[in-house]
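Notes for the one structure printed next.
Just so it is clear, none of the values below were taken in a lab; they were calculated from the coordinates. Please read these numbers as outputs of a predicted model, since none were measured by experiment. Every residue, glycine among them, receives a Cβ derived from its backbone with ideal geometry; neighbour counts consider all protein chains shown.
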Amino acid sequence: MASATLEVYRARAGHAARTCAWVARSPSYGRDVFKMLPTLGKNPLDLRQAWLPFGLMTELDAFVDSTTRVFEFGGGGSTAWFADRVGEVVTVEHEAAWFAMLRERMGPLPNVSVSYCSSADSYSQYVASIDDYPEDSFDVIVVDGRERVRCFSHAIPKLRPGGWLLIDDVERQRYSPVFGMVDWPRRVIRGFAPCKPTLAHTAVFARPAA
């Protein structure tokens, strides 16, 4: 038990040291530290905040409106955040217990639908869940669950011209293939996010409007 506790403290100390280093190198991150700190240890679903960089959420807040349609691979605080702002949120979730919580919290909302697809078929049903919709169906698609490269591939034709396709945690090497899938303008937004003491890295692909 003492050894496990020591490892926890070491991990926390490492997070704190990295946080200080990031802020020192990029002072602009400092503003978001003060947004992040009060959220540590809390559930983003309770906070109704997406687990994405604060800077990106500011941009999304200006990008979406009551006519926006959103599809999410992986639900959570982002589901609640979008539900408060957009016309429709379609979410697919692979984790049974988390799905049950989402359904309980989001079920009463008329603009949200949450479905469950297990991992029993190697996530084939989960990945293909967006295929049920016509091309150009969604203004925003968020890829933040399992099998992200496969999900990204299926999401491409479902994004409307002018829409945004987001994939989180792109610092992970296994997600790098998405950068070769489309030639749309893209950027990686880095910054602190709710409930996590490490930097978030989210890629935003913008489908040209014309």
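Long-range amide H contacts for Ser115: which residues qualify at under 5 Å (H placed 1.01 Å from N, peptide plane, sequence gap of 5 or more or a different chain)?
Thr91, Val92, Glu93
Order these by the 10 Å Cβ neighbour count, fewest first: Arg174, Arg160, Arg69.
Arg174, Arg160, Arg69
Could you tell me the center-to-center distance, by alpha carbons, between segment 38-116 and segment 118-178 in angstrom?
The distance from the Cα centre of segment 38-116 to that of segment 118-178 comes to 16 Å.
In segment 114-210, which GluC sites (Glu not before Pro) are in a loop and have at most 15 other Cβ atoms within 10 Å, using DSSP for the loop call?
Those satisfying the criteria are Glu135, Glu171.
Rank the residues Arg148, Arg48, Arg187 as a footprinting-exposure proxy: fewest other Cβ atoms within 10 Å of their Cβ go first.
In increasing order of surrounding Cβ atoms, one gets Arg187, Arg48, Arg148.
When N is the residue count of the chain, what does its C-alpha Rg come to as a fraction of 2.2 N^0.38 Å?
1.05
In what sequence do Ile141, Ile156 fall when counting other Cβ within 10 Å, fewest first?
Neighbour counts put them in this order, fewest first: Ile156, Ile141.
Which one of Ser137, Ser176, Ser153 has the biggest mean-square fluctuation once the chain is modelled by GNM with Cα springs under 10 Å?
Among Ser137, Ser176, Ser153, the largest mean-square fluctuation in the Gaussian network model of the chain belongs to Ser176.
Would you please give the residues with an amide H less than 5 Å from that of Asp136, counting only those at least 5 places away or on a separate chain, with H modeled from the backbone geometry?
Lys158, Leu159
Just how large is the dipole of segment 2-206 about the Cα centre, in debye to the nearest 20, putting +1 at every Lys and Arg Cβ and -1 at every Asp and Glu Cβ?
Dipole of segment 2-206, to the nearest 20 debye: 940 debye.
Test of understanding: what is the full-extension gain from Tyr133 to Arg187, defined as 0.36 nm times their sequence separation minus their Cα-Cα distance?
Gain on extension, Tyr133 to Arg187, equals 16.8 nm.
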